[in-house]
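Before I ask anything, here is the structure I am working with.
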Amino acid sequence: MIRFIASDLDGTLLDPNGDLPQETFRTIEQLHRKGILFCAASGRQLTALQQMFAPVADKIMLMAENGAIVSYKGDMLCCSTIAAEDVRRAIDAVGALRGAHALLCTPACAYYQDEAQPFLDLVRASYISNARAALADIAREKKVCKVAVYDDLGPEYNAMQYLPKALPQLRVIQSGGNWLDISEKHANKGSAMRFIRRTLGLRQEECAAFGDHMNDYEMLQECGFPYVTENAYPPLKRLIGKSVGTNSENGVIFAMQAIAAGAMP
């Protein structure tokens with residue numbers, strides 16, 4: 001019996017415009033009545049997730065910054081941060097790349113230095129709490145849980161060819177579209193999922209998860225019932241093998257409603 005469902009947001013639960021499907025909160029309420037806990041698992045910051053899911057805040061868990069932060073009913077259960085010297089190395093490595101722009105994500109705020117477009121507009125649209133600052137100062141003064149990188153040229157052709165080799169002590173993963181994420185080596189949605197299972201006493205076969213990109217892979221592996229959306233990144237689709245409808249078809253919503261009704265998996 002499934003007792004826990006984790007879902008990525010962008011490209012997975014959210015529609016192509018980045019909005020929650022109309023049935024989201026009703027579906028979460030339906031799962032809650034059945035004793036199934038929903039977790040929004042995203043690369044987005046905790047503040048943004050808290051705002052997005054405010055109507056059901058007392059009924060869900062939040063996994064923010066690609067697993068670096070886990071929060072439940074307003075309590076931060078865990079927060080993985082990057083050593084200050086590694087943050088500085090990441091800033092330098094991103095700064096050496098043409099078309100790459102760094103964003104330092106702390107539990108409370110995301111800091112940018114570049115004001116290039118479309119990077120700046122995307123930051124302001126996706127990160128509710130954001131501020132301009134000297135990144136070197138933030139690395140020295142704040143606890144950074146993730147370095148997000150926007151790549152004008154496309155990560156697979158630019159930053160992903162260079163940053164994993166330049167930062168072997170860190171985890172570098174493409175997170176969707178023109179974005180990639182740099183985090184502490186063992187901070188990912190999979191390690192967050194293991195933490196959640198230990199905390200809640202869940203068995204792997206009691207957990208389902210939905211994702212669409214490689215930053216979801218470890219989380220999907222940690223759940224007995226992993227699914228990708230039909231619009232998912234093709235290499236991830238090949239690795240997982242089981243899919244639901246696209247995010248434009250509300251595939252995850254229909255799948256969660258089926259789970260609540262006992263029809264899936």
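The values are calculated or read from the model by the stated rules, or taken from the named source; none is laboratory data. Please read all numbers here as calculations on a predicted model, not as lab measurements. Using ideal geometry, Cβ is built from the backbone for each residue, glycine included, and neighbour counts are taken over all protein chains shown. Ligands, DNA and RNA are excluded from the accessible area calculation, which covers all protein heavy atoms including side chains. Shrake-Rupley method; radii C 1.70, N 1.55, O 1.52, S 1.80 Å.
Per-residue answers, yes or no, for (1) under 12 Å from the mean Cα position of the chain (by Cα); (2) of a type in the set (S, T, N, Q):
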{"residue": "Asp151", "(1), (2)": "no, no"}
{"residue": "Asn158", "(1), (2)": "no, yes"}
{"residue": "Pro164", "(1), (2)": "no, no"}
{"residue": "Leu180", "(1), (2)": "yes, no"}
{"residue": "Arg194", "(1), (2)": "no, no"}
{"residue": "Asp212", "(1), (2)": "yes, no"}
{"residue": "Asn215", "(1), (2)": "yes, yes"}
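If a residue counts only when it is touching a residue at least 60 places away in the same chain (Cβ under 8 Å), which helices (runs of 4 or more DSSP H) contained entirely in the range 133-228 have at least 3 such residues?
In the range 133-228, 159-166, 189-200 are the helices (runs of 4 or more DSSP H) which contain 3 or more residues that are touching a residue at least 60 places away in the same chain (Cβ under 8 Å).
Could you check, for the range 191-201, whether at least one of its residues is in contact with a Gly (Cβ under 7 Å, 6 or more places away or on another chain), among the small types (Gly, Ala, Ser) and either open to solvent by 30 Å² or more (accessible area, probe 1.4 Å) or farther than 19 Å from Val94 by Cβ (or both)?
Within the range 191-201, one or more residues are in contact with a Gly (Cβ under 7 Å, 6 or more places away or on another chain), among the small types (Gly, Ala, Ser) and either open to solvent by 30 Å² or more (accessible area, probe 1.4 Å) or farther than 19 Å from Val94 by Cβ (or both).
A follow-up question, please. Mind listing just one residue for me: the one in the range 33-43 that is more than 18 Å from Ala263 (Cβ to Cβ) and open to solvent by 10 Å² or more (accessible area, probe 1.4 Å) and, of those, farthest from the chain's Cα centre (by Cα)?
It comes out as Leu37.
Something else now. Please find, among Pro21, Pro16, the residue that is surrounded by fewer than 16 Cβ atoms within 10 Å (Cβ to Cβ) and either assigned to a strand (DSSP E or B) or touching a residue at least 12 places away in the same chain (Cβ under 8 Å) (or both).
Result of the check over Pro21, Pro16: Pro16.
Filter the range 45-84 for residues that are open to solvent by 10 Å² or more (accessible area, probe 1.4 Å), over 29 Å from Gly154 (Cβ atoms), assigned to a helix (DSSP H, G or I) and not basic (Lys, Arg) and give the result.
Gln50, Gln51, Ala54, Pro55, Ala57, Asp58, Ala84
Restricting attention to the range 208-255, report how many residues are open to solvent by less than 20 Å² (accessible area, probe 1.4 Å), of a type in the set (A, V, I, L, M) and closer than 20 Å to Gly43 by Cα.
9
Would you say Lys146 is within 17 Å of the chain's Cα centre (by Cα), of a type in the set (D, E, K, R) and open to solvent by 70 Å² or more (accessible area, probe 1.4 Å)?
no
Does the range 121-130 contain any residue that is open to solvent by 60 Å² or more (accessible area, probe 1.4 Å) and in contact with a Leu (Cβ under 8 Å, 6 or more places away or on another chain)?
No, the range 121-130 contains no residue that is open to solvent by 60 Å² or more (accessible area, probe 1.4 Å) and in contact with a Leu (Cβ under 8 Å, 6 or more places away or on another chain).
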